[in-house]
Amino acid sequence: MKRTVRDLVNLEGKVVLLRVDFNVPMDEGGKILDSTRIMQSLPTIKYLIEQKAKVVIMSHLGRPKGFEIRKSLWPIALILMRLLPTTVFFSNKVVGKEVEEQIKSMDNGDVLLLENVRFYQEEANCDMNFAKKIASMGDIFVNDAFGVAHREHATTYALARLMPNAIGFLMEKEISALSGAVENPKKPFVVVIGGTKVSGKIKLILKLLQVSDALLIGGAMAYTFLVASGYAVGRSFVDDQNVDYARDVLTVAESLGKRIVLPVDHVCLKEGSKKRKPFVSEELVDDMIAYDIGPKTIKLFSEEIKKAKQVLWNGPLGKYEDSRFCEGTFDIAKAIADSNAYSIVGGGDSVSAVKKAGYEDKFDLISTGGGATLKYIEQGSLPCIDVIQEKIKL
Ligand code: ADP
Ligand code: 3PG
Ligand code: MG
């Protein structure tokens, strides 16, 4: 059992460095589409405020290359100012004299949100000197960022090696909810994968095959697999570097007798005709780009879901933010919601889609993690959780 914030005593006046995952889905104009991850982080933040700690919050947002104004956490600071019963400050730096001064001027129970940690390349490089600079500003490290607990970064992993530490309430809740699904998956167990983060998630598929009975692959993820199966995909998104890997996955699935189900029709546009009406096609040729799964695929996937006793879903099945391409995602959300299966959905965008479609209450488990949830299901643990101290047994 990992140490949790509840096990930390005498927090009054202590500087707690709290890592959360505020990587919320946003539209192209930077508008927040879903605030689940912010809301789910509040219990730990509020608890630390009540304990009169000085709460220094860190998060990433997106995958910026250096500073990008649209990836600033400032809009989230404004939201926290409305939601928290205390003074909330914002720092446009993560390290340096100015931040140190800001922390010194905090009263007990105040909150300081630091700017996007990924504006520094040291974050993803897990740079120890960067982590040491951050660690020197605080007394205790609390990790509540389940969504990014599969990444060994400076503020998710290195800080735990440098400081006394604990997990937060969200991390604790996610671990206890997901561990049942890992230890005793109800069978048949169907995994639905979509989304755009192909290079990161494709590597998990091989392991997921071992624990599941069938894998339904849609969204942008599907086209790398369709190419690997010998189909033309027009100009749809393909991760060229992973086509060979996808082919290996298909071969392994066959040898294990596990089913991988790929889309058989698609909702497409012709390249360069973004404003035009989309059309359904079974073949993807020339300049066609697939943005959603088509009606036959929806039926095929829904039938698989009907037979399942447990369903895990991560990654929208199309570009669901655009009303022309949301049907596949929304219909699959409905199929899962209507099924008798124990249903788990994870991922910033997938959860946002489920809420948008109105099925939030019909899912058994809504996880804040996308890649993290898949990895947790696959291996029963995550590096940023493993690195946290064990609870002292009395
Ligand atoms: P999650 O946040 O649930 O883990 P991802 O971040 O991997 O999911 O993927 C979400 C994104 O995938 C959404 O922005 C959605 O528009 C995009 N997407 C899904 N299918 C397609 C597609 N066929 N073409 C383009 N984008 C897609
Ligand atoms: C997520 O949205 O899955 C997490 O915040 C992790 O983001 P990342 O895939 O960019 O590391
Ligand atoms: Mg996402």
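The values are calculated or read from the model by the stated rules, or taken from the named source; none is laboratory data. On a predicted model such as this, the values are computed, not experimentally measured, just so you know. A quick note on method: Cβ atoms are made from the backbone with ideal geometry, for glycine too, and the neighbour counts reach across all protein chains shown.
Below is a table of values for the structure above.
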{"item": "Members of the range 217-254 that are touching a Ser or Thr at 6+ places or on another chain (Cβ under 6 Å), in a helix (DSSP H, G or I) and among the small types (Gly, Ala, Ser)", "result": "246"}
{"item": "Subset tally (residues that are within 16 Å of ligand 2 (Cβ to nearest atom), in a helix (DSSP H, G or I), touching a Ser or Thr at 6+ places or on another chain (Cβ under 8 Å) and not polar (S, T, N, Q)) for the range 337-364", "result": "4"}
{"item": "Identity of the residue in the range 4-31, modelled with pLDDT under 95 and within 16 Å of ligand 3 (Cβ to nearest atom), that ends up surrounded by the most Cβ atoms within 10 Å (Cβ to Cβ)", "result": "25"}
{"item": "Count of residues meeting criterion [touching a residue at least 40 places away in the same chain (Cβ under 8 Å), surrounded by 20 or more Cβ atoms within 10 Å (Cβ to Cβ) and either touching a Gly at 6+ places or on another chain (Cβ under 9 Å) or over 11 Å from residue 383 (Cβ atoms) (or both)] in the range 140-162", "result": "13"}
{"item": "Condition broken by residue 254, with the remaining ones in (1) within 13 Å of ligand 1 (Cβ to nearest atom); (2) out of contact with any Pro (no Cβ under 7 Å at 6 or more places or on another chain); (3) modelled with pLDDT under 95 satisfied", "result": "(1)"}
{"item": "Pairs with Cβ under 9 Å, 6+ apart, first in the range 337-355 and on the phi > 0 side of the Ramachandran plot, second among the aromatic types (Phe, Trp, Tyr) and within 16 Å of ligand 3 (Cβ to nearest atom)", "result": "347/313"}
{"item": "Residues that are over 20 Å from residue 337 (Cα atoms) and not in a loop (DSSP other than H, G, I, E, B), drawn from the range 175-198", "result": "175, 176, 179, 182, 183, 198"}
{"item": "Test result for residue 334, away from ligand 1 (no atom under 12 Å from the Cβ), assigned to a helix (DSSP H, G or I) and surrounded by fewer than 19 Cβ atoms within 10 Å (Cβ to Cβ)", "result": "yes"}
{"item": "Of the criteria (1) on the phi > 0 side of the Ramachandran plot; (2) surrounded by 15 or more Cβ atoms within 10 Å (Cβ to Cβ), which one residue 119 fails", "result": "(1)"}
{"item": "Residue among 285, 387 that is in contact (Cβ under 8 Å) with a residue 12 or more places away in the chain, under 25 Å from residue 208 (Cα atoms) and not small (Gly, Ala, Ser)", "result": "387"}
{"item": "Evaluation of residue 317 against (1) closer than 30 Å to residue 274 by Cα; (2) away from ligand 3 (no atom under 16 Å from the Cβ); (3) in a loop (DSSP other than H, G, I, E, B); (4) among the aliphatic types (A, V, I, L, M) (one fails), failing number", "result": "(2)"}
{"item": "Inter-residue pairs, beta-carbon under 7 Å, first without any contact (Cβ under 8 Å) to a residue 12 or more places away in the chain and in a strand (DSSP E or B) and in the range 25-36, second more than 10 Å from ligand 1 (Cβ to nearest atom) and among the basic types (Lys, Arg), 6+ apart", "result": "none"}
{"item": "The range 158-195 - residue that is out of contact with any strand residue (DSSP E or B) (no Cβ under 9 Å at 6 or more places or on another chain) and under 21 Å from residue 123 (Cβ atoms) and, of those, nearest to ligand 2 (Cβ to nearest atom)", "result": "170"}
{"item": "Filter result (of a type in the set (A, V, I, L, M) and within 12 Å of ligand 1 (Cβ to nearest atom)) within the range 342-394", "result": "345, 351, 353, 354, 366, 372, 374"}
{"item": "Residue match in the range 116-137 (condition: in a loop (DSSP other than H, G, I, E, B) and free of Cβ contacts under 8 Å to residues at least 24 places away in the same chain)", "result": "yes"}
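Conditions tested, residue by residue: (1) free of Cβ contacts under 8 Å to residues at least 60 places away in the same chain; (2) closer than 18 Å to residue 296 by Cα.
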residue	(1), (2)
186	no, no
192	no, yes
203	yes, no
208	no, no
211	no, no
223	no, yes
